[in-house]
Amino acid sequence: MPGKPELLAPAGSWEALVAAVQNGADAVYLGGRSFNARQSAANFDDAELARAIEYAHVRGVKVYVTVNTLVAEEELEQAARFLFFLARADADAAILQDLGLAALAREVVPELPLHASTQMTVHNSPAVANLRRLGFQRVILARELHLAEVQRIKEETGAGVEVFIHGALCVCYSGQCLFSSLVGGRSGNRGRCAQPCRLPYTLVDGHGRPLADPGQVGEYLLSPRDLNVSRHLPALIQAGVDAFKIEGRLKRPEYVATVVRIYRQLLDRAAALGPEKFFVAPEEAKDLAQIFNREFTAGYLFGQQGKLLMSYKRPNNRGVFLGRVRCRENGWLQITLEDGLNVGDGLEVWVTEGGRDGFEVGEIFVDGKKVPSARPGQTVRLAYRGPARPGDRVFKTHDRELIERARATFTSPREIRKVPVYFSVQAKAGKPLVISVRDEEGNAGEGKTLSPGEPALKAPLSAEFLEQQLDRLGNTPFTLAGLDCRLEGAVIYPVSEINAARRQAIRSLAKARARAAHRAGAPSPEVFEQRLALALKNGKRYLAGDGRSGDDDQFPSGEFSPAGLPLLAVFAGDLASVRAAADAGADQIYFGGDAFRFPPAGREDLHAGFRYCREHGVKFIFATPRIIKDGELPAIYELCREVAGWPADGILVGNLGLLELVRELKIPFSTDFAFNVWNSWTGRYLHAAGAAQVALSPELTRKQIREVAGCAKVPAEVLVHGGVELMVSEYCAPGSVLGGLTPEKKCPRPCREHKCYLRDRRGVLFPVEVDRFCRMHIFNSRELCLLDELRAVMETGASVLRIDARRHGPDYVSKVTRAYRQALERGGKGPGKEVILSLIPGGITTGHFFRKIRGTPY
């Protein structure tokens, strides 16, 4: 069985850090005040970060700092300086999302280890290999992978692999969600997600008619249960996972303390007993549920879960079932308990009418007597004036004893986590007493008394007395493991000086342990400033990590970049739409990709589209999906090889795992929106990897587009029209809600019978599409339309303007393409959006073109 993996815990505050360390975490992850994906956590300023790193290192715990947001062009220097600070502060690694920042980090602070955030959407082996070439030591894999896929990635790449084992789940692939950004202006890619997935939705048809009864199914159709793989830890260990990650930087420190404590116990048990004898004790399972749960799931580790992944009835803490209301009368509630109850516990009644009604237990009566607590099986009377009825369920959402027990681990001055140390004492009359202390790693400290020893007339210094004094380590992170006394003659010292020498030795050891974690070779400020100045001044071309030149001659950008007007690109959903786009004036057409039509476009349709484009002087670009798991890669790559042989005019690469594979085909390729290009450094990295064109993030404003397009040294594409994809998910709402999809039941494909939408609480409809791999794609309710702003778009310097028409048919494609073609040829002043408004019943938006997302400079 592989070695024991690292237990990695969240620390959103100082108390949570202490809770994680004291309860047994091997490492913690935490964020600074900027560039981290949990901006609403307390987080740490620079001084607090340095203190946190020292605190953890003294106790043998690693610290990984999250720098896991996308970085705007004007923030790159600040972000690079923050990484330099982390290197000098001896952070064990930085967790990054932004490819451009990673490329910059490799140039200016290569000494700092990098971990790839789950926000990078890494879900196949070639993507992991690419990140290793860029310098990443560890990859936090997408939570949508099956266990066998995780094991395959580990075996094929040899990379450090980290997976989530407990906590909240995102319904969308992390890093690919624009829901909060487009709807509320708060971007998950900038650490400010408003969690629209936890709001109520109804699955409806195109006329707004419910396809399922919310009263029966539930209203929270995008709200997953919480991840809990405690029972499956041996399987993850066997798969070779290097680090087990607990989610929860926004959770209370009591949550961190409880979850870390239990997983520490479970991992130690798995190592001691092996997979056959491993078990989770009932009390451990109960505590995990009590501290917080939305019901539990093992996620996708053991396959598609369908509706069993979701918490349709409730988007927040469910608590633990306590019993049912027996009767309610005269301000009292009677319950027969299925779990223990204490004064101070928090309860919630799931009332028949009116939702949830919570209250704190002030008094408990059993058989007419007032008691501080009650056992399972007892019938209790509780003061209550809410609307509960007999039969209503009651849940315990706050367990006072559990919280107090957890709180004691991070509020008490006495430390729980102890490092064994070995003392050596030398004493001789006329000489100071010398106390030496060392740990098992060889770090050492020393302390001496101020006064020399005096000959003892009675009660001389003894080994027993010294052991008693040296073992007074309660408020330190150390515990006495051994003592070697060298006492020459009968000698005595003041007890106060012995204690002072002990404290001096311990302080010295703590400093030595902190120094031991210091990273040799971290750059000096002078070296860093030279590197940074050179990088920012020269706009140096960044390579993909394997010594390639990335010169322009191999993949000339002219294949995609126009002379004069920007190219007009159309992403078509079917063959008829390909022809309509070509006839209406498109310069290049994307076809293939995720495919929302049934049956999806096959080789014959693709080749027919290619021939039609070639006959009409239009570039044909084969589009690849945004998500391609290892098992799906061979078929996609074979298709890429085939279209390269026609030869098509290029390939639109949908994810990081295809970069190297497509480059080998010697065909021009561009990168799609999944790469989250927020700055020119990401563009340069992709260009050096072979990309002849990069799509910029739809989250950028006009000013940001101009800045990135002007600095990236590669033609930039922007989305100007169409449905903006808000989410891509392995979970399928139509299949789960209408088809009853579970691990035991296959989906009957209701998406082929119904045009589905999610209706929110305001009545807004969000289109839902299902692709060839049964992944769900949710689109914005309003389509992006920059037709009236086309001149401003052209002034940004974008080389390619895209119309995303994957959801529409040939009539829509023809009219919209023609309108943009006319506007382009008139310098951005076309017929006006009125000519196409009738095609867009849901309305239009300008997206982020004029409206920055919160937390960005402009």
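The values are calculated or read from the model by the stated rules, or taken from the named source; none is laboratory data. What you see is a predicted model, and the numbers here were worked out from it, not measured in a lab. We place every Cβ from the backbone using ideal geometry, glycine too, and count neighbours over all the protein chains shown. The area values use the complete protein model at the heavy-atom level, side chains included, leaving out ligands, DNA and RNA. Shrake-Rupley method; radii C 1.70, N 1.55, O 1.52, S 1.80 Å.
Quick notes
To keep it simple, each residue is scored yes or no on (1) in contact with a helix residue (DSSP H, G or I) (Cβ under 9 Å, 6 or more places away or on another chain); (2) of a type in the set (A, V, I, L, M); (3) without any contact (Cβ under 8 Å) to a residue 60 or more places away in the chain; (4) open to solvent by 50 Å² or more (accessible area, probe 1.4 Å).
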{"site": "E446", "(1), (2), (3), (4)": "yes, no, no, yes"}
{"site": "A456", "(1), (2), (3), (4)": "no, yes, yes, no"}
{"site": "L483", "(1), (2), (3), (4)": "yes, yes, no, yes"}
{"site": "L487", "(1), (2), (3), (4)": "yes, yes, no, yes"}
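- The lone criterion from (1) farther than 22 Å from R407 by Cα; (2) part of a loop (DSSP other than H, G, I, E, B); (3) open to solvent by less than 20 Å² (accessible area, probe 1.4 Å) left unmet by A270 is number (2).
- Annotation: of all residues in region 81-113 being more than 21 Å from the chain's Cα centre (by Cα) and not charged (D, E, K, R), the one that is most open to solvent (accessible area, probe 1.4 Å) is P110.
- G855, sole failed condition from (1) more than 19 Å from G585 (Cα to Cα); (2) among the small types (G, A, S); (3) part of a helix (DSSP H, G or I): (3)
- Only residues that are touching a Ser or Thr at 6+ places or on another chain (Cβ under 9 Å) and either outside any loop (DSSP other than H, G, I, E, B) or of a type in the set (S, T, Y) (or both) were counted across region 13-53, and they come to 10.
- If you go through region 739-786 and keep only what is touching a His at 6+ places or on another chain (Cβ under 7 Å) and of a type in the set (A, V, I, L, M, F, W, C), you end up with L784, C785, L786.
- So R663, is it open to solvent by 60 Å² or more (accessible area, probe 1.4 Å) and either touching a residue at least 24 places away in the same chain (Cβ under 8 Å) or on the phi < 0 side of the Ramachandran plot (or both): no
- Residue within region 26-45 that is open to solvent by less than 10 Å² (accessible area, probe 1.4 Å) and farther than 30 Å from I853 by Cα present: yes
- Segments classed as helices (runs of 4 or more DSSP H), wholly inside region 134-238, with at least 1 members that are charged (D, E, K, R): 147-157
- So A127, is it in contact with a helix residue (DSSP H, G or I) (Cβ under 6 Å, 6 or more places away or on another chain), surrounded by 22 or more Cβ atoms within 10 Å (Cβ to Cβ), of a type in the set (G, A, S) and under 20 Å from G521 (Cα atoms): no
- Within region 597-652, being of a type in the set (K, R) and modelled with pLDDT of 95 or more holds for R611, R614, K619, R626, K629, R641.
- Residue list for region 177-192, restricted to those being within 30 Å of R133 (Cβ to Cβ), open to solvent by 10 Å² or more (accessible area, probe 1.4 Å) and not small (G, A, S): C177, L178, R190
- Condition met for A56 (part of a loop (DSSP other than H, G, I, E, B) and at pLDDT 95 or above): no
- Odd one out for H687, checked against (1) out of contact with any His (no Cβ under 8 Å at 6 or more places or on another chain); (2) in a loop (DSSP other than H, G, I, E, B); (3) over 23 Å from L606 (Cα atoms); (4) not hydroxyl-bearing (S, T, Y): (2)
- Candidate set from region 735-750 (those that are out of contact with any Leu (no Cβ under 7 Å at 6 or more places or on another chain) and open to solvent by less than 30 Å² (accessible area, probe 1.4 Å)); member that is nearest to F849 (Cα to Cα): S736
- Screening the candidates P200, P282, P214 for the property of being in contact (Cβ under 8 Å) with a residue 12 or more places away in the chain, out of contact with any strand residue (DSSP E or B) (no Cβ under 8 Å at 6 or more places or on another chain) and not basic (K, R) yields one hit, P200.
- Qualifying residue in region 302-315 (condition: under 28 Å from V21 (Cα atoms), in contact (Cβ under 8 Å) with a residue 60 or more places away in the chain and not β-branched (V, I, T)): no
- Checking V67 against (1) open to solvent by less than 10 Å² (accessible area, probe 1.4 Å); (2) in contact with a Cys (Cβ under 8 Å, 6 or more places away or on another chain), the condition it does not meet: (2)
- Failed item, numbered, when R375 is tested on (1) surrounded by 13 or more Cβ atoms within 10 Å (Cβ to Cβ); (2) farther than 30 Å from Q469 by Cα; (3) touching a Gly at 6+ places or on another chain (Cβ under 7 Å): (1)
- Only one entry in A517, A544, A584 is at pLDDT 95 or above, buried (at least 17 other Cβ atoms within 10 Å of the Cβ) and of a type in the set (A, V, I, L, M), namely A584.
- G135 being open to solvent by less than 10 Å² (accessible area, probe 1.4 Å) and in contact (Cβ under 8 Å) with a residue 40 or more places away in the chain: no
- Residues of region 290-320 that turn out to be in a helix (DSSP H, G or I), of a type in the set (A, V, I, L, M, F, W, C) and open to solvent by 20 Å² or more (accessible area, probe 1.4 Å), as a count: 1
- Residue in region 634-646 that is in contact (Cβ under 8 Å) with a residue 40 or more places away in the chain and open to solvent by less than 10 Å² (accessible area, probe 1.4 Å) present: no
- Each residue in region 520-536 was checked for being of a type in the set (A, V, I, L, M), open to solvent by 40 Å² or more (accessible area, probe 1.4 Å) and under 25 Å from L76 (Cα atoms), and 4 of them qualify.
- Condition check for Y312: farther than 30 Å from L347 by Cβ and hydroxyl-bearing (S, T, Y): no
- For region 428-444, residues that are of a type in the set (V, I, T) and either touching a helix residue (DSSP H, G or I) at 6+ places or on another chain (Cβ under 7 Å) or surrounded by fewer than 16 Cβ atoms within 10 Å (Cβ to Cβ) (or both) total 2.
- Hits in region 77-100 (condition: under 20 Å from Q119 (Cα atoms) and either assigned to a helix (DSSP H, G or I) or touching a Pro at 6+ places or on another chain (Cβ under 6 Å) (or both)): A79, A80, F82, L83, A93, L99, G100
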